[in-house]
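The values are calculated or read from the model by the stated rules, or taken from the named source; none is laboratory data. Nothing here was measured: the structure is a model prediction, and the numbers come from that model. So basically every Cβ, Gly included, is an ideal-geometry build from the backbone, and we count neighbours across all protein chains shown. Heavy atoms of the whole protein, side chains included, go into the accessibility calculation; ligands, DNA and RNA do not. Shrake-Rupley method; radii C 1.70, N 1.55, O 1.52, S 1.80 Å.
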Amino acid sequence: MISIFIPVYNGEIFLRETLESLLVQTYRDFETLCVDDSSTDNSYSILQEYAVKDSRIKVFQKPNGGDAPHSWQFAMPHLSGDFIMYMSQDDLLKPDTLEKLAGRQRETDADAVIPALTWYYGDATPSKTDRGVEGDLSPILTGKEAFEMMMDYTIPGFALWRSSIVKSSPVPLAAYNSDEYSQRKWCSLCRTVAFSDGEFVYRQNNPNAITRQFTDKQWEASLTDAMVLQLAVDLEISTQKIEQYANARYEDLWFHAMYFTLHKKTLSHKRRRHLHRLFSHAYRMMHRHISLKHWTYRWSTHDLLLFWILINLKAKRAKLLHHAD
């Protein structure tokens, strides 16, 4: 059986369409666990309606935790399938997606099967679909090989995962997107990873998606990046790949830390302390692997105190330039 996990928060706009895409699956042996994070719209009512319509849809409600990792933690004990798949509240599956994923898993005995990923932009923009490794569905990768490709999204993090692997490494609560770290961690634990042409439709036209709304939670992504980097180091991924990843993610850390410094007065004291610690922790995990040539980045990697001094100087300069304009 396949367990499909869907965290829900104020998703009434697309939730019915998502659930309908599950009810028409040609593969019938699945359950869907929907965890409502105390929505303030009609999401919970919609979920209850569908639970009455089909017993494979199971609905839970929890106090608001604010992100997918907390919902993962809540859902994990209730996921009883041999395989687990994650969906957002606005994603869709083509009618034969589960059948093709399950069939490919039986053919290969892979620990994870990655679907074809269709980027859906709505009626105004044509969808595009990424399949396998540069269009080739035949490769059977080791977990380490798949992890390396997943680091820079050469292949997506969406997959049908063997349940024992998911449950052996629960999603950490460190950041709002630490489930992205977990996808890569699970990948590293796989013996083999295969690909299927069953389509997972990844919606891009939801104006309420967290990726389209700025909140200070998005600064937490730097810690997730640092965790992925540390995992790459532990797995002894190629030095070149680690350096490329570290340089790109360190620039993101720099941007997030400076933006935080510019706007920290808008945050509570508790939140400021939390984010300062988070950035500092991410820095400690990243700085040894940086090879950026710009002098500011080079000097900042020598010492955490120097990192924050340079961040504050850059923030002050940005304020001066803004007032000059």
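Sort the stretch 20-144 into rounded, prolate or oblate with this rule: let a ≥ b ≥ c be the square roots of the eigenvalues of the Cα gyration tensor; rounded if a/c is under 1.5, and if a/c is not under 1.5, prolate when a/b is larger than b/c, oblate otherwise. It comes out prolate by the Cα gyration axes. In terms of packing, defined here as the mean over residues of other Cβ atoms within 10 angstrom, the peptides 14-26, 286-298 line up highest first as 14-26, 286-298. DSSP bridge analysis restricted to the stretch 1-159 gives an antiparallel fraction near 20%, rounded to the nearest 5. For LEU173 and SER80, a Förster radius of 25 Å and the Cβ-Cβ distance give a FRET efficiency of 0.65, rounded to the nearest 0.05.
For GLN73 and ALA51, the difference between the fully extended length at 0.36 nm per residue and the C-alpha to C-alpha distance is 5.8 nm. Surface composition of the stretch 82-173: carbon plus sulfur atoms hold 50% of the accessible area, using a 1.4 angstrom probe and ignoring ligands, DNA and RNA. Treating each Cα of the stretch 89-128 as an identical point scatterer and ignoring solvent, apply the Debye formula and state log10 I(q)/I(0) at q = 0.27 Å⁻¹. Debye curve over Cα of the stretch 89-128, log10 I(q)/I(0) at q = 0.27 Å⁻¹: -0.96.
Taking label positions 7 Å along the Cα-Cβ direction at both HIS274 and SER38, the computed distance is 1.3 nm, reported to one decimal. Annotation: average projected area of the stretch 102-243 is 9.5 square nanometres, based on the convex hull of Cα atoms across all directions. Comparing mean-square fluctuations of SER188, SER71, SER238 from a GNM of the chain with C-alpha springs under 10 Å, the top value falls on SER238.
In this label model, THR108 and GLU134 are separated by 1.8 nm, measuring between points 7 Å along each Cα→Cβ vector. Where does the Debye-calculated log10 I(q)/I(0) of the stretch 153-192 sit at q = 0.19, 0.20, 0.26 Å⁻¹, using only Cα point scatterers of equal weight, no solvent? These q points yield log10 I(q)/I(0) values of -0.53, -0.58, -0.94. As a length-normalised measure over Cα pairs under 8 Å and 6 or more apart, the relative contact order of the chain settles at 16 percent.
Springs join every pair of Cα atoms under 10 Å in this Gaussian network model of the chain, and among ALA248, ALA175, ALA110 the largest mean-square fluctuation is at ALA248.
State whether the stretch 16-85 is rounded, prolate or oblate according to the following rule on the C-alpha gyration tensor (a ≥ b ≥ c being the square roots of its eigenvalues): a/c under 1.5 gives rounded; otherwise a/b larger than b/c gives prolate, and the remaining case gives oblate. Note, shape of the stretch 16-85 comes out oblate. Heavy atoms of the protein chains alone define the surface here; on that basis the chain has 47 Å² accessible area per residue at 1.4 Å probe size.
Calculated FRET efficiency, ASP123 and GLU99, Cβ-Cβ r, R0 22 Å, to nearest 0.05?
With a Förster radius of 22 Å, E is 0.25.
Ellipticity at 222 nm from helices only: DSSP H runs of n ≥ 4 in the chain, each -39500 (n - 2.57), divided by the residue count, give -14500 deg cm²/dmol. Excluding same-chain neighbours fewer than eight residues apart, the lysines reachable from LYS94 by a Cα-Cα span under 25 Å are LYS53, LYS58, LYS128.
Look at where the Cα atoms of the stretch 88-121 and of the stretch 43-72 average out, and the two centres are 22 Å apart.
Pairs with C-alpha atoms separated by more than 23 Å, drawn from the list LYS264/LYS319; LYS144/LYS167; LYS185/LYS264; LYS264/LYS316; LYS265/LYS319, are LYS185/LYS264. Computed with the Debye formula from one identical point scatterer per Cα of the stretch 46-87, without solvent, the log10 of I(q)/I(0) at q = 0.20, 0.26, 0.34 Å⁻¹ comes to -0.78, -1.11, -1.16.
In this structure, SER291 and ASP234 have a Cβ-Cβ separation that, at R0 = 25 Å, corresponds to a calculated FRET efficiency of about 0.80. As a fraction of the 1.4 Å probe accessible area of the stretch 186-281, surface on carbon and sulfur atoms comes out at 50 percent.
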